[in-house]
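Data first, discussion second: the structure below is written as structure tokens.
The values are calculated or read from the model by the stated rules, or taken from the named source; none is laboratory data. Since the structure is predicted, the reported quantities are computational estimates derived from the model, not experimental observations. FYI the Cβ positions are ideal-geometry reconstructions off the backbone, even for glycines, and counts take in every protein chain you see.
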Amino acid sequence: MAPTILNRASFAGFVGHELDICTDYESLASLGKLRAELGAKPELVPLTKSCAEQFPDRTVLATCAVTKVDPAGTLKTALRYYNVDTVHDGDAESCLRAHGDWQPNTDKWAVQHERTKRQLQQLRKLAEHPAP
């Protein structure tokens, strides 16, 4: 019997130049099965580390964890949301419809900090480039 190999892949998605999402995949299926499952997603940047290792200084606003089991193997997905401007209830709904586990960040201070930081960034941009 061939040994079972755990294959991992992580990808980050950006809106403009700001981190939006990061996804870690783990599969007990072949690496080819993992690649086929993921498909070609040119908008995602492949990472050499997990999301937590790559972005340790970022606040995760919510996480969706989904496990998919089929005869070819098991695929675990952990999707992390970082962008206060793009995470919304539709993400929670999509996660739950996929039979996932939706976990919002319950640290209200951390979430408010991210919102305030984002508002300050927007104000700086307006100050640098005022509307005519």
Restricting segment 38-62 to residues that are touching a Leu at 6+ places or on another chain (Cβ under 7 Å) and under 20 Å from ARG118 (Cα atoms), the one modelled with the lowest pLDDT turns out to be ARG58
Filtering segment 7-29 down to residues that are at pLDDT 90 or above and β-branched (Val, Ile, Thr) yields ILE21, THR23
Over segment 90-126, the set of residues at pLDDT 85 or above and exposed (fewer than 11 other Cβ atoms within 10 Å of the Cβ) is GLY90, ARG97, HIS99
Is there a residue being in a strand (DSSP E or B) and aromatic (Phe, Trp, Tyr) anywhere in segment 82-105?
yes
Restricting segment 54-81 to residues that are among the charged types (D, E, K, R) and not in a strand (DSSP E or B), the one surrounded by the fewest Cβ atoms within 10 Å (Cβ to Cβ) turns out to be ASP57
Result of the Cβ filter at 6 Å on segment 84-96, keeping first residues that are more than 13 Å from VAL66 (Cα to Cα) and partners that are among the charged types (D, E, K, R) and surrounded by fewer than 18 Cβ atoms within 10 Å (Cβ to Cβ), at least 6 apart or interchain, is VAL84/ARG115; VAL84/ARG118; THR86/ASP20
